[in-house]
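> Structure below; questions to follow.
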Number of protein chains: 2
Amino acid sequence: MESEKKMEVIQSTNNPRIKTWYQLKSKKGRQEQGLYIIEGIKLIEEAIDAKQEIEALIFDQGKDLPESLALHLEKYDLSIPIVSVSTPVIEKLSDTETPQGVLAILKKKNIEIEKLLENQFSFYLLIDQIQDPGNLGTIIRSADAAGVQGIILGNSTVELYNSKVIRSAMGSIFHLSIVQDELDQIIPKLQKNGVKVIGTSPYASKTYFEVDLTQKVAIIVGNEAKGLSDSRKQQVDEMIKIPLVGKAESLNVAMATTLILYERVRQMEKGWA
Amino acid sequence: MESEKKMEVIQSTNNPRIKTWYQLKSKKGRQEQGLYIIEGIKLIEEAIDAKQEIEALIFDQGKDLPESLALHLEKYDLSIPIVSVSTPVIEKLSDTETPQGVLAILKKKNIEIEKLLENQFSFYLLIDQIQDPGNLGTIIRSADAAGVQGIILGNSTVELYNSKVIRSAMGSIFHLSIVQDELDQIIPKLQKNGVKVIGTSPYASKTYFEVDLTQKVAIIVGNEAKGLSDSRKQQVDEMIKIPLVGKAESLNVAMATTLILYERVRQMEKGWA
């Protein structure tokens, strides 16, 4: 293997580098170091394909570096530091019950909110106070599928680099421009740029398929249980609802978000109304 | 409290009734006894509202029977056996990490497949080889919201009465007619009754919003990773796809299912095409 010259070996869980990486399992550590951990062959390959900055690739010396991953590295001729570690080290750094034996340390993308606004994308998603990491990850995956261009997470939303968010987003965090910021200030800026901000509420008078979504739009979704706050509702341009035809009291927030995002896909293809 | 006369007290986890109920935590036990466990105040209240047959209501004697639940029982004047138990008994029967302290043992609904077909509903959902309980539960919740009338789970799909399915379905299993059966035989029967069976595949030529869903339809969805089997695809009347506009390789199966079910809702309200 050509990259062998760069390979380092770490046996002990007390090694200082391992201790530093271990801190990336907490939000605080990720904030301080500007790094995060991803796990599994497929996700690491996606990170490589999407040209993410990889600080280190760590594999279980008992299992060896998976061949497809080694080929992936060669393909791009990447000089990523590769670290071979003992199984206890993998277990210490992993967040899954049955680790695949390969992890990567990634640099957080540094996207400035002003750039995201200047770019004047036509399809934004604003995520306000979503608490469940699985929901956030699934929403990001759907947003990626539906062609959303920019995602802005409110500061009260679960952190993007949480391992469960990353796992359920299945690589979509590498594809999209995502920032975390104060939605209070972001919404007026979007509106000034001609973006229509559309929120959801079970009490809205119009359903999501009765509103023109083919313009520049930002869809905003709120907390799993409480939805959007009253002050947030005041800020948005239009409210829409998802009709409940049967007896269910509500839809899961990831389902509701996906429905609205895909209604734009439908309208863009079939025309509005 | 009026129901006090019926109240029984059980302290020991070795009590024979507790041991019998404990078996309901496995699929085998549920199949043998025809019963299943639900947890939490809200879900039990929904079961009462939906007139499910409740075999016993079990609460933690340290926490008392929640007042809203007691009022709910009085409202319907139900004579459900109520069992007050020790905290260790609750913990033994519970499937959550932080039990709310109240459980109910429910009788499985006995819905005959022939009745479900005779009824000639106009909106069916067939679920083929879904493995993740959370996905199944969420799909059932969405199906309930979208007005699906009958759900048929293939025999290789995760069991309906799995505690995680019940939790993520959030009461929707009480609202719908759901049976588990051999889809191989069900599909021709539906077709004979004039129901159009529509499957999904990323390789279908038409998107889900290019097909008329306002007739009698059965939507069939397949396994999370593999989708529908080739032999299943042979059986269906039409295949549809969900367009992927961005870079995501696929959508979560619960998202995909919800999109298709709600496209029927949209077409029924706005008309097809």
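> Quick one: with label points 7 Å out along Cα→Cβ, list the inter-copy distances for A:Lys226 in nm, shortest first?
In nanometres, ordered from closest: 4.5.
> Now for a separate question. Apply the a/c threshold of 1.5 to the C-alpha gyration tensor of segment B:113-270 and tell me whether it is rounded, prolate or oblate.
Details: a/c = 1.29, a/b = 1.08, b/c = 1.19.
Rounded, since a/c falls under 1.5.
> A further question on this structure: Over the heavy atoms of B:Thr207, what accessible area does a 1.4 Å probe trace out, to the nearest 10 Å²?
Probe radius 1.4 Å; accessible area of B:Thr207 about 10 Å².
> What residues does segment A:169-216 have that are buried by at least 40 Å² of accessible area in the full protein assembly compared to the chain on its own, 1.4 angstrom probe?
Residues losing area: A:His175, A:Phe209.
> Mind checking the full-extension length gain between A:Lys216 and A:Lys63? Use 0.36 nm per residue of separation minus the Cα-Cα distance, one decimal, nm.
That works out to 50.2 nm of additional length.
> Can you list the residues of segment A:153-169 with backbone N under 15 Å from a point 7 Å past the Cα of A:Gln23, pointing along Cα to Cβ?
Residues passing the 15 Å test: none.
> Ignoring everything except DSSP H segments at least 4 long, calculate the 222 nm mean residue ellipticity for chain A; use -39,500 (n - 2.57) per segment, divide by total residues, nearest 500.
About -10500 deg cm²/dmol.
> Next question, about the same structure. In the protein assembly as shown, what % of DSSP beta bridges are antiparallel (nearest 5)?
Percentage antiparallel, nearest 5: 25.
> Another one. Relative to a virtual label point 7 Å from the Cα of A:Lys115 in the Cα→beta-carbon direction, which members of segment A:148-172 show backbone nitrogen distances below 20 Å?
Inside the label zone: A:148-154, A:160-161, A:172.
> How about segment B:142-158: which of its residues lose at least 30 Å² of accessible area in the presence of all protein chains relative to their chain isolated, using a 1.4 Å probe?
Correct list: B:Asp144, B:Ala145.
> Further, regarding this structure: In whole Hz and in residue order, list the ³J(HN,Hα) couplings for segment A:209-215 that follow from phi through the Karplus curve 6.51 cos²θ - 1.76 cosθ + 1.60, θ = phi - 60°; x for Gly and Pro.
Taking θ as phi minus 60°, the curve returns 9, 9, 10, 6, 10, 7, 7 Hz for segment A:209-215.
> While we're on this one: Going by alpha carbons, how many degrees (0 to 90, nearest 10) lie between the helix axis of B:133-145 and the longest principal axis of chain B?
80
> Further question: Of the cross-linked pairs A:Lys196/A:Lys270; A:Lys25/A:Lys115; A:Lys270/B:Lys241, which ones have a Cα-Cα span greater than 23 Å in the structure shown? The partial results should precede the final answer.
Details: A:Lys196/A:Lys270 20 Å; A:Lys25/A:Lys115 29 Å; A:Lys270/B:Lys241 15 Å.
The pairs that break the limit, which is 23 Å between Cα atoms, are A:Lys25/A:Lys115.
> Starting from the Cα of A:Ser229, step 7 Å toward the Cβ, then list every residue of segment A:137-174 with an amide N under 13 Å from that point.
A:154-157
> Next up: Under the rule that an exposed site lies in a DSSP loop and has at most 12 other Cβ atoms within 10 Å, name the longest stretch of chain A with no trypsin sites (Lys or Arg not before Pro) of that kind, not counting the sites themselves.
A:52-225
> Nearest 10 degrees is fine. How inclined is helix A:183-192 to the longest principal axis of chain A, computing both from alpha carbons?
Roughly 60 degrees, rounded to the nearest 10.
> Still on this structure, please answer the following. Taking amide hydrogens as modeled 1.01 Å from N in the peptide plane, which residues meet the under 5 Å criterion relative to A:Gln129, leaving out close sequence neighbours?
Amide H neighbours of A:Gln129: A:Gly154, A:Ser156, A:Thr157.
> Need the per-residue list for segment A:229-267: every residue with at least 50 Å² less accessible surface in the complex of protein chains than in the chain by itself, probe 1.4 Å, sorted by number.
A:Val245, A:Lys247, A:Ala248, A:Leu251, A:Met255, A:Leu259, A:Tyr262, A:Arg266
> Let me ask you something else. What does the copy distance list look like for A:Glu118, label position 7 Å along Cα→Cβ, in nm and ordered from shortest?
7.1
> Using R₀ = 45 Å, calculate the FRET efficiency as 1/(1 + (r/R₀)^6) where r is the Cβ-Cβ separation of A:Leu78 and A:Glu238; round to 0.05.
Efficiency, from the Cβ-Cβ distance: 0.45.
> How big is the B/A interface in buried accessible area, both sides summed, 1.4 Å probe, to the nearest 100 Å²?
So the buried area, both faces added, is about 3000 Å².
> Just to confirm the numbers: B:Thr96, label point 7 angstrom along the Cα-Cβ line, distances to the other copies in nm, shortest first?
Distances between equivalent label points, in nm: 2.8.
> Relative to the first principal axis of the alpha-carbon coordinates of chain A, what is the inclination of helix A:253-270, with its axis defined by its Cα atoms, in degrees from 0 to 90 and to the nearest 10?
The angle comes out at about 70 degrees.
> Moving on. With a 1.4 Å probe and every protein chain left in place, work out the accessible area per residue of chain B in Å², rounded to a whole number.
Per residue, chain B has 45 Å² of solvent-accessible surface.
> What percentage of the solvent-accessible surface of the protein assembly as shown, computed with a 1.4 Å probe over protein heavy atoms, is contributed by carbon and sulfur atoms?
On the way: 11210 of 24430 Å².
Of all accessible area on the protein assembly as shown, carbon and sulfur atoms account for 46 percent.
> Any idea how far the Cα center of segment A:183-234 sits from the one of segment B:116-170, in Å?
Distance between centres, Cα-based: 31 Å.
> If I model a spin label at A:Gln185 and A:Val9 as a point 7 Å from the Cα along the Cα→Cβ vector, what separation in nanometres do I get?
Distance between the two pseudo-spin positions: 5.1 nm.
The values are calculated or read from the model by the stated rules, or taken from the named source; none is laboratory data. Everything numeric here is computed off the predicted structure, so don't read it as measured data. Methodologically, a virtual Cβ is constructed for each residue, glycine included, from the backbone with ideal geometry; neighbour enumeration extends over all protein chains shown. Accessible surface areas use protein heavy atoms only, side chains included; no ligands, DNA or RNA. Shrake-Rupley method; radii C 1.70, N 1.55, O 1.52, S 1.80 Å.
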